[in-house]
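Q: Take a look at the following structure, please.
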Amino acid sequence: MERYKNYIGGEWVDPAGGEYFEDRNPADTRELIGLFPKSSREDVDKAVAAAREAYRKWRLVPPPKRAEILYRVAQRLVELKEVIARDMTRENGKILEETRGDVQEAIDMGFFIAGEGRRLHGYTTTSELPDKMAFCIRVPIGVAVVITAWNFPMAVPSWKIFPALVCGNTVIFKPSEETPLTAHHFVKVFEECGLPPGVLNLVHGLGPEAGQALCEHPGTDILAFTGSTEVGRQVAEIGARGYKRVSLEMGGKNPIIIMDDADLDLAVQGCIWGAFGTSGQRCTAASRLIVHKAVYKPFLEAFVERAKALRVGNGLDPQTQMGPIINEAQLRKVEHYVELGKQEGARLMCGGYRLTEGDLKYGYFYAPTVFADVHPSMQIAQDEIFGPVVCVIPFGTLDEAIEIANGVRYGLSSAIYTRDVRNAMVAIRELQAGITYINAPSIGAEIHLPFGGVKQTGNGHREGGIQVLDIFSEWKAVYIDYSGRLQRAQIDTDRLVQLGD
Ligand code: NAD
């Protein structure tokens, strides 16, 4: 069985403590994919030292030259897309179509952000004093720690690593312990494409060990985190103690509103994709369908029929439409919430059980599950379950629907199906979310628009778009006074107007 290594200072190295963890296939746990380093503080110290050393030079490399490497990385990913997608399906269970999309997102992000190498725009502006000019520029920050979730094992790291690098920071990447192989492939491509040693380091390991040590280390400056709201809070607390820049992308409980004037076929199709794509394990998954009473019955019937018909299985099989749940703990969590939903009085329309026929018994498969007549205050309608479990909630007016949609602690994605432009515009204005879709499900963000959420989903930052550059750079204001005398802002300005007469 292959023992993979960390990548520190341009070398592939064993973990200092000699300990490893297993990476297994969630669709068939008999398959051990590899053994990966269980890194300790000692490994983290080495990675931080390497990243700090590399930062001294990398920050001075002209951004267009940094970007040339990123272009090469994106191009190489195009060539490796199929190989990486297959390995990603093996380790995280998503169906092949989706893992190809995951790699594609990293490719898109690579090309998009590499373009920033020749922009990284600041702006020039006026000065209130004569013979003085003013402008502002982006400057790098230092060493960025990138800690990511398993569900988008290449896309999400790419949202952070490409912009961090183009801005002139160096990076230590601690991927999810569920998807270390994808991270290994990703980092190898950077090495192959000529990224200098120490600029990107890979430290595998467990969150509370390697992850926490990286957050606490005084030699790291940015903590760029994607994961659960609970862990995000811990990262934020550690970051605050160290005066670090902290960017958090966390959980969601995303609503889709279906109005009485919606194209119902389109809505059903979108809701199936939104709810059961990635087995419901997306931060943007549609876990609450808020349906107008006038179309509640036909919508529910059609939706449940489609949910029951989904083909669940190994994601490598092209016939499969939904893969497994990521691990045993997550499966238990889904089972717990389904029991809770029944106790709370929601109506179980389909699913609600583990799938174990044939080879499915070797994986963590769960039937697509729909609860109807859910009250918005029920726990199943409030908590992020992160599995193939959907709550269908009836409503009477758009105001009511929006109140239900906004009545959770999260605020990532949202959607409305309607043919009425007024409903759409009111939803855009009122929905408390970082993303709103009209006549499309809650999933499907494109990389050149800002991505992130409000309330307990985020802390004010956005990934994607050029907005991501604000996470990985500081603004510096520059004033150039060529008057040859002391000029005092705010004090000398009145006199200057008179002198101008
Ligand atoms: P998680 O919070 O368990 O783990 C995320 C990462 O944090 C992993 O790499 C883990 O090793 C690390 N970690 C765990 N404990 C840590 C600690 N004490 N200190 C430092 N690092 C630690 O989340 P997960 O199960 O991997 O992913 C699912 C969650 O991620 C869901 O809540 C989902 O909504 C969220 N997510 C959000 C987005 C987004 O962009 N908003 C995208 C994908 C996933």
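Q: Using Cβ contacts closer than 10 Å as the measure, can you line up H184, H461, H204 from fewest to most?
A: Sorted ascending by nearby Cβ count, the order is H461, H184, H204.
Q: Could you check what % of the DSSP bridge pairs in the chain are antiparallel, to the nearest 5?
A: In the chain, approximately 40 percent of DSSP beta bridges are antiparallel ones.
Q: Follow-up question, since we're still on this one. Please compute the contact order of region 254-438 in relative form: average sequence separation of alpha-carbon pairs under 8 Å and at least six residues apart, divided by the residue count, as a percent.
A: Result for region 254-438 is 28 percent.
Q: Show which aspartates and glutamates lie in cross-link reach of K81 when reach means a straight Cα distance below 13 angstrom and same-chain residues fewer than eight apart are skipped.
A: E97, E98, D102, E105, D108
Q: Then there's this: Is there a quick way to get the dipole size of region 186-248? I mean about its Cα centre, with the Cβ of Lys and Arg at +1 and of Asp and Glu at -1; what is the value in debye to the nearest 20?
A: Dipole about the Cα centre, nearest 20: 180 debye.
Q: Roughly how many debye, to the nearest 20, is the charge dipole of region 112-189 about its Cα centre, given +1 on each Lys and Arg Cβ, -1 on each Asp and Glu Cβ, and no other charges?
A: The calculation lands at about 160 debye.
Q: Please list, in chain and number order, the residues 5+ apart from I8 or on another chain whose amide H is under 5 Å from its amide H, with Hs placed from the backbone.
A: V13, L202
Q: So what is the 222 nm mean residue ellipticity for the chain from helices alone, if each DSSP H run of at least 4 adds -39500 (n - 2.57) and you divide by all residues, rounding to the nearest 500 deg cm²/dmol?
A: -12000 deg cm²/dmol
Q: Still on this model: If the cut-off is a Cα-Cα distance under 26 Å, which lysines reach K361, setting aside same-chain residues fewer than 8 apart in sequence?
A: By straight Cα distance, K361 reaches K94, K308, K333, K342.
Q: What ranking, highest mean first, results for peptides 260-272, 278-290 when packing means the other Cβ atoms within 10 Å averaged over each residue?
A: 278-290, 260-272
Q: Using the number of other C-beta atoms within 10 angstrom as an exposure proxy, rank K293, K65 with the fewest first.
A: Ordered by Cβ neighbours within 10 Å, fewest first: K65, K293.
Q: Of Y417, V61, G358, which is farthest on the positive side of the dipole of the chain, counting Cα position, with +1 on Lys and Arg Cβ, -1 on Asp and Glu Cβ, and the Cα centre as origin?
A: V61
Q: When only Cα pairs under 8 Å and 6 or more residues apart are kept, what is the percent relative contact order across the chain?
A: 18 percent
Q: Please report C350, C215 as a ranked list, fewest other C-beta atoms within 10 angstrom at the top and most at the bottom.
A: C350, C215
Q: Could you tell me which residue out of A381, A294, F395 lies farthest along the dipole of region 254-438 toward its positive end? Charges go on the beta carbon: Lys and Arg +1, Asp and Glu -1, centred on the Cα centre.
A: A381
Q: Ok, one more. If you take the Cα Rg of the chain and divide it by 2.2 N^0.38 Å, with N the number of residues, what do you get?
A: In units of the globular-protein estimate, the chain measures up at 1.06.
Throughout, read-outs are computed from the coordinates displayed, never taken from laboratory work. It should be emphasised that the depicted structure is a prediction, and the values quoted were computed from it without experimental measurement. Cβ coordinates were reconstructed from backbone atoms using ideal geometry, including for glycine residues, and neighbour counts include every protein chain displayed.
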